[in-house]
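Have a look at the structure below, then the notes.
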Amino acid sequence: MLVSTDRLTKRYGRFTALDACTLTVPRGEIFGLLGPNGAGKTTLLRLLLGFLAPTSGTGTVASHDCATESLAVRSRVAYLPGEARLFRRMTGKEVLAFFARLRPACSLDQATRVADRLGLDTSRQVTRMSTGMRQKLALCAVMATDAELVILDEPTANLDPTARAEVLDIVREANAIGRTVIFSSHVLSEVEEACDRVVIMRAGSPVFEQSIAEIRRGHRITARLAEPFAGIPTLLADHVALVPGAAENDSRNRVVLEAAESLAPLLGWLATLPVIEMAIEPIGLTAVYDRFHRGG
Amino acid sequence: MFNRAVWHQAWGDQKILLAAIVSLWAAFPWLYLWLQSQVPMGDFQMILKLIPEDWQKLSGVPIADVATPVGRVALAFVDPMIVLGATVWGVTRGSDIVSGPLERGTLEMVLAAPVRRTAVYATHAAATIIGGAIACGVLLASIWTAVAFGPWAGKVDPSLFTPAVLNVLGLMTCMAGLAGLVSAAGSHRSHAIGIMCGFYVVSLLAKLVGRMSDRFEAVGWLSVFNAFEPQRLVAGTAESWWLLARYDAILVGIGLSAFVAGAIIFARRDLPAPL
């Protein structure tokens with residue numbers, strides 16, 4: 001595992017920003033980190049970088065402890081903050097040259113190539129750049145390193161759709177040459193498109209973890225029945241489940257079910273239900289996310 | 001210990017302020033001496049005699065010493081142009097070591113690189129001290145040339161003012177170190193500047209109170225300005241240099257100790273996300 005946390009916790013007085021977070025990120029994966037504001041995503045990333053000292057628990061990157069060996073950790077990590085802010089008096093070129101000097105493994109040529117690809121005018125002073133341009137500039141500095149772990153905290157925030165697509169391509173290319181990426185975002189479609197696996201955070205803890213491939217295999221069945229729902233047969237209990245908290249389940253004649261795997265074992269049973277109408281759709285990340293953050 | 005990229009960045013950040021202080025201090029001695037030369041020595045002595053005796057204590061030197069060409073040049077060092085220039089440099093640059101870039105959000109991209117926090121801190125501190133030394137070098141050069149070629153050419157030995165300039169550098173280091181310490185512990189530069197302004201005012205008042213009243217002499221010793229008396233360092237004797245050594249040991253000692261304490265705090269503290 002490249003990244004590993006064990007009951008990592010951060011408290012500020014009575015407020016718990018990260019609560020006993022245990023997760024692992026294997027090498028070579030694009031790992032999605034999802035959750036609303038205040039879910040603990042940024043706290044987790046800042047703990048990994050050694051910006052914050054953990055209240056308890058441990059975090060390691062490439063077997064280096066994040067709290068006590070922060071320098072070794074940061075030599076293996078490239079980090080794009082949520083809202084990257086750069087030296088406003090410098091031009092884009094000067095910013096890239098600064099980071100190339102700051103980090104021995106950072107290539108100014110590579111940064112310039114990324115800037116060209118994103119259509120960024122690096123001759124402009126940072127103070128005269130739009131928020132999106134500044135975000136692109138920071139991304140150029142981050143992607144110019146050969147760090148084995150790239151942590152991107154909302155990398156596409158403030159970007160136009162073309163630049164967003166380009167950024168996702170850059171992320172996939174970085175992954176293709178062996179880099180591990182932690183991709184924190186609010187944009188579910190991007191995470192679904194780019195990531196191999198996803199963790200959903202809620203109130204400082206990871207509450208769901210699954211590969212995107214597995215999520216795509218699942219289906220959601222929404223049905224209105226002529227009679228009250230009689231329940232799931234015991235034989236099928238491993239294949240299908242009532243969606244907890246789904247609004248439709250409040251009415252006895254409406255039901256929302258989720259099948260984690262293939263629909264094949266369920267088709268016979270579904271045919272026996274007194275169905276008035278039924279919709280079957282792939283679950284997708286949005287439905288999974290809503291289960292934890294919008295009550296299903 | 002130091003980081004080259006941060007060094008360049010620090011100089012980029014401080015070059016405008018340095019240019020402003022250097023320009024001010026390059027021009028000030030010439031202007032000051034010219035203004036002083038407009039008042040004949042006899043008239044100046046008359047003015048001094050009008051100052052109440054209690055107030056004369058505030059000068060820190062016997063009033064008879066002030067009423068000489070050397071004494072009148074020396075008064076330039078306690079002019080607000082010098083004292084405020086030194087304080088502004090120290091507070092402005094010191095407060096920008098941690099809380100400034102932390103508040104602006106530029107610190108986290110820097111610290112995401114494999115750079116020690118202490119290296120970032122020490123590099124900024126060194127750039128601040130060296131910037132202060134350059135400003136003092138310009139001040140010394142300007143005093144020398146103004147004395148050597150100005151209205152009192154030949155009447156005053158320019159070398160007498162070297163200890164006074166070094167005392168100004170001591171004050172700059174002290175203020176920068178204390179501002180750096182406050183900055184290392186906080187997240188808002190404006191707070192660091194506010195605290196240092198309060199410290200400046202309280203220190204100045206403590207010195208004045210200590211000078212004005214024998215009963216409160218002890219209060220005066222609480223002020224760092226007790227070790228900033230450049231007007232007492234222009235006698236040109238060995239004692240001037242000893243006094244300077246004592247003053248600067250206090251000022252530079254406080255400044256460097258504060259820098260070290262600030263570096264330790266910065267290395268251990270949490271860095272919150274910028275607002």
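Every read-out reported here was derived from the displayed coordinates using simple, explicitly stated rules and does not represent laboratory data. Predicted, not measured: the structure shown is a model, and the values here were computed from it. Cβ atoms come from the backbone with ideal geometry, glycine included; neighbour counts cover every protein chain shown.
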| query | Reachable aspartates and glutamates from A:LYS10, Cα under 13 Å, same-chain residues fewer than 8 places away excluded? | reply | A:ASP19, B:ASP270
| Helix-derived mean residue ellipticity, 222 nm - over chain A, DSSP H n ≥ 4, -39500 (n - 2.57), to 500 | -9000 deg cm²/dmol
| For labels at B:ILE63 and B:ARG104 in the simple 7 Å Cα→Cβ model, what's the distance in nm? | 4.9 nm
| Average beta carbon contacts from partner chains per residue of B:252-261, 10 Å cutoff | 0
| For the range A:42-152, what does the alpha-carbon gyration tensor say about shape, rounded, prolate or oblate, given a ≥ b ≥ c as the root eigenvalues, a/c under 1.5 as rounded, and a/b over b/c as prolate? | prolate
| Ranked highest first by average number of other Cβ atoms within 10 Å, how do A:157-163, A:216-222 line up? | A:216-222, A:157-163
| Protection proxy ranking of B:103-116, B:13-26 - average other beta-carbon atoms within 10 Å, highest first | B:103-116, B:13-26
| remark: Counting only residues 5 or more apart in sequence or on a different chain, those whose built amide H sits under 5 Å from that of A:GLN210 are A:VAL198
| request: Could you tell me which of B:TYR121, A:SER130, A:VAL77 has its Cα farthest along the dipole of the protein assembly as shown towards the positive end, charges placed at Cβ (Lys, Arg +1; Asp, Glu -1), taken about the Cα centre? | output: B:TYR121
| field | Cα long-axis angle, helix A:131-143 against chain A (0 to 90 degrees, to the nearest 10) | value | 80 degrees
| request: Using amide H atoms built 1.01 Å from N in the peptide plane, name the residues 5+ places from A:SER205, or on other chains, whose amide H lies under 5 Å from its own. | output: A:ASP19
| said: For the range A:272-287 and the range B:1-36, what is the centre-to-centre distance using only Cα atoms, to the nearest Å? | reply: 72 Å
| query | Among A:ARG46, A:ARG202, what is the fewest-to-most ranking by other Cβ atoms within 10 Å? | reply | A:ARG202, A:ARG46
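For the protein assembly as shown, what D do you get in µm² per second when you plug the Kirkwood radius from alpha-carbon pairs into Stokes-Einstein at 10 °C and 1.306 mPa s?
Approximately 57 µm²/s, per Stokes-Einstein.
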| query | To the nearest whole number, what is the average tally of beta carbon atoms from other chains within 10 Å of the beta carbons of peptide A:76-85? | reply | 4
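For chain B, what is the calculated [θ] at 222 nm in deg cm²/dmol (nearest 500), taking -39500 (n - 2.57) for each run of four or more DSSP H residues and dividing by its residue count?
Using -39500 (n - 2.57) per qualifying helix, the result is -24000 deg cm²/dmol.
Give the peptides A:259-272, A:32-45, B:170-183, B:251-264 in descending order of average Cβ contacts within 10 Å, highest first.
Most protected by this proxy first, the peptides run B:170-183, A:32-45, B:251-264, A:259-272.
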| task | Just grab the label-to-label distance for A:ALA176 and A:ASP109, each label 7 Å out from Cα along the Cβ direction, in nm (one decimal). | result | 2.0 nm
| said: As I understand it, the dipole of the range B:1-148 uses +1 on the Cβ of Lys and Arg and -1 on the Cβ of Asp and Glu, about the Cα centre. Which of B:TRP144, B:GLY132, B:ASN3 lies farthest toward its positive end? | reply: B:ASN3
| note | Taking a straight Cα-to-Cα line shorter than 27 Å from B:LYS49, and setting aside same-chain lysines fewer than 8 residues away, one finds B:LYS57, B:LYS155, B:LYS207
| message | Tell me whether the range B:189-266 comes out rounded, prolate or oblate; compute the Cα gyration tensor, take square roots of the eigenvalues as a ≥ b ≥ c, and use a/c under 1.5 as the rounded threshold. | response | oblate
| task | Would you work out which of A:ALA226, A:VAL256, A:ILE276 lies farthest towards the positive end of the dipole of the range A:154-296? Charges go on Cβ: Lys and Arg +1, Asp and Glu -1. | result | A:ALA226
| field | Mean-position separation - Cα centroids, the range B:192-244 and the range A:113-158, in angstrom | value | 51 Å
| task | Quote the charge dipole size of chain B about the Cα centre in Debye, to the nearest 20; the model charges only the Cβ of Lys and Arg (+1) and of Asp and Glu (-1). | result | 540 debye
| said: Please compute, for peptide A:47-60, the average count of beta-carbon atoms on other protein chains lying within 10 Å of each residue's beta-carbon. | reply: 2
| message | Over the range B:27-165, what is the relative contact order in percent, taking alpha-carbon pairs closer than 8 angstrom and at least six residues apart? | response | 35 percent
| Kirkwood hydrodynamic radius of chain B from all distinct Cα pairs, in Å? | 19.7 Å
| said: Given axes a ≥ b ≥ c from the Cα gyration tensor, I'd like to know whether the range A:170-222 is rounded (a/c under 1.5), prolate (a/b larger than b/c) or oblate. | reply: oblate
